[in-house]
1. Pull up region 22-54, narrow it to residues that are charged (D, E, K, R), at pLDDT 95 or above and over 21 Å from residue 137 (Cβ atoms), then point me to the one that is surrounded by the fewest Cβ atoms within 10 Å (Cβ to Cβ).
2. How many residues, within region 61-102, are of a type in the set (Gly, Ala, Ser) and surrounded by fewer than 20 Cβ atoms within 10 Å (Cβ to Cβ)?
3. Tell me, which residue of region 312-324 that is open to solvent by 10 Å² or more (accessible area, probe 1.4 Å) and either under 30 Å from residue 156 (Cα atoms) or without any contact (Cβ under 8 Å) to a residue 60 or more places away in the chain (or both) is nearest to the chain's Cα centre (by Cα)?
4. Among 314, 369, which is the only one that is over 18 Å from residue 253 (Cβ atoms), out of contact with any strand residue (DSSP E or B) (no Cβ under 6 Å at 6 or more places or on another chain) and at pLDDT 95 or above?
5. Residue 301 - would you say it is out of contact with any Gly (no Cβ under 6 Å at 6 or more places or on another chain), over 28 Å from residue 249 (Cα atoms) and either without any contact (Cβ under 8 Å) to a residue 24 or more places away in the chain or open to solvent by less than 10 Å² (accessible area, probe 1.4 Å) (or both)?
6. In region 178-196, how many residues are open to solvent by 10 Å² or more (accessible area, probe 1.4 Å) and either under 15 Å from the mean Cα position of the chain (by Cα) or of a type in the set (D, E, K, R) (or both)?
7. What are the residues in region 1-21 that are touching a residue at least 12 places away in the same chain (Cβ under 8 Å), closer than 30 Å to residue 352 by Cβ and open to solvent by 40 Å² or more (accessible area, probe 1.4 Å), if any?
8. Quick one: in region 124-177, of everything that is closer than 18 Å to residue 14 by Cβ and among the hydrophobic types (A, V, I, L, M, F, W, C), which residue is surrounded by the fewest Cβ atoms within 10 Å (Cβ to Cβ)?
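The values are calculated or read from the model by the stated rules, or taken from the named source; none is laboratory data. Note that the structure is a prediction, hence the values are computed from the model and not measured. Cβ placement follows ideal geometry from the backbone for every residue including glycine, while neighbour counts extend to all protein chains displayed. Side chains included, ligands, DNA and RNA excluded: accessible areas come from the protein's heavy atoms. Shrake-Rupley method; radii C 1.70, N 1.55, O 1.52, S 1.80 Å.
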Amino acid sequence: MSNALLSSLYPQHLATLQARAAEALRRGGFDHLLIPSGTLHYQAFDDRDYPYAVNPQFKAWLPLTQAPGSWLLVTPGQRPKLVFLQPHDYWHVVPEMPSGYWVEHFDIEVIRSADEVTRLLPSVFRCAILGEAQSALGSYVPNNPEPVLQYLEYHRAFKTPYEIEMMRRASRIGARAHRAAERAFRAGSSEFGIHLAYCQIAGQDANDLPYGNIIALNEHGAVLHYTHRDRLPPTPVRSFLIDAGASFGGYASDITRTYSAADDEFAAMIRAVDAAQLALCDQVRAGTNYARIHLDAHLRLAGVLREFGVLRTTPEDALASGVSSAFFPHGIGHGIGLQVHDVAGFAASDAGGSIAKPEGHPYLRLTRTLEPGMVVTIEPGIYFIDMLLDELKQKGLGDAVDWQRVEMFKPYGGIRIEDDVVCTDGEPINLTREAFAQG
């Protein structure tokens, strides 16, 4: 895929980050921003590394996701400097020299051993150092000053056009892999086999993907974070829920789809949830309180459950009593970008503070008012989870439910539909639907 578009968008992205860094440093009383890329960690009592994960603060600046031991220096008014570790090593693949549309914007110094970096950095007393404790090198110990982090993480919610294009490309990879996963499901594959089909088409393995794939057949769809992946398919196969994303240049997509093996009543319920989800996606507009979308999701999903005879009460009563939370126990979504669950979801401002979740909804991950540039997931779901349904009975709310209808749907597990949606000055941009439409 051509990088001409990314090349044209990147300078403005970099200028935005430099302006944010300058203000964050001013607030913290520092002169320089130092960001280590992160290091390899040995497993306890072993000589094997944990999978490497790049520091999100580092990959915000440049699409370099496999460069452990490198450092980024940002000083207001100067070109950013990348100190790139390319060790002499015949045991492992050495990181390739940086190349591409972004390198011309950096001063790049290559080092052969990690401790060489200290001679290339300014005095530690003038530096805000953002990273994990293991990245410490001599006196250069991450201090993660709160005023700096609060400012940078708050504003990370507002994606530049470059970042949205990166996420668009991650969505295209994810959509192609989702289609392959559906084909494998229709062909009778096991959860493990579907997972392998997904990874093959995405061109990404478990360490490349932004999160562990959820590949759930039948009742497993009722386990919200199901990652077991049986090696043999169940008999019969009734349903398939897949929550799987993809990465591109350090940015994530997060996509969920649900399928029925037959054109049955569960398939009709999937279509009803899909229609509700699209209506919720349309609410991703500037000035909208994200928590309001969450509460509206409860009303819409309770309406679906009533339509299919599962609930005997009104959507409003189901929300007020907590009945709807037994069927929709998680939040409507979260911010997404450099991380699947992006930071500062509850931030009241770029100087700190937090916005509370609605009472009775502890698992919502975002409470901010939406503004142009924000990218969020919208992922309503309906599940048939024994533990939560038993709690309804224990609370004396069992009369609100038709338990025969519950028993009919339980073997299918659950339904979740999830898209990544950009808030703009006008209509939202649904990156996921856009990617699926491209085939």
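1. Taking region 22-54 first, the residues charged (D, E, K, R) are 23, 26-27, 31, 46-49.
Then keep just the ones that are at pLDDT 95 or above; that gives 23, 26-27, 31.
Cutting the leftovers down to over 21 Å from residue 137 (Cβ atoms) gives us 23, 26-27.
Working: 23: 16, 26: 14, 27: 17.
Selected residue: 26.
2. First pass over region 61-102, keeping only residues of a type in the set (Gly, Ala, Ser): 67, 69-70, 77, 99-100.
Those left that are additionally surrounded by fewer than 20 Cβ atoms within 10 Å (Cβ to Cβ): 77, 99-100.
Matching residues across region 61-102 total 3.
3. Start the filter on region 312-324 by keeping residues that are open to solvent by 10 Å² or more (accessible area, probe 1.4 Å), which leaves 312-317, 319-322.
Retained after the next criterion (residues that are either under 30 Å from residue 156 (Cα atoms) or without any contact (Cβ under 8 Å) to a residue 60 or more places away in the chain (or both)): 314-316, 319-320.
Values: 314: 33, 315: 29, 316: 30, 319: 27, 320: 30 Å.
Step by step, filter region 312-324, then rank; the result is 319.
4. On the way: 369 fails: out of contact with any strand residue (DSSP E or B) (no Cβ under 6 Å at 6 or more places or on another chain).
Matching residue, one of 314, 369: 314.
5. Numbers: out of contact with any Gly (no Cβ under 6 Å at 6 or more places or on another chain): yes; over 28 Å from residue 249 (Cα atoms): yes; either without any contact (Cβ under 8 Å) to a residue 24 or more places away in the chain or open to solvent by less than 10 Å² (accessible area, probe 1.4 Å) (or both): yes.
Answer is yes for this residue.
6. Qualifying residue count, region 178-196: 4.
7. 12, 18
8. Of all residues in region 124-177, those closer than 18 Å to residue 14 by Cβ come to 130, 151-152, 155-156, 158-167.
Remaining after also requiring among the hydrophobic types (A, V, I, L, M, F, W, C): 130, 152, 158, 164, 166-167.
Details: 130: 25, 152: 23, 158: 16, 164: 19, 166: 26, 167: 24.
Only one residue fits best here, namely 158.
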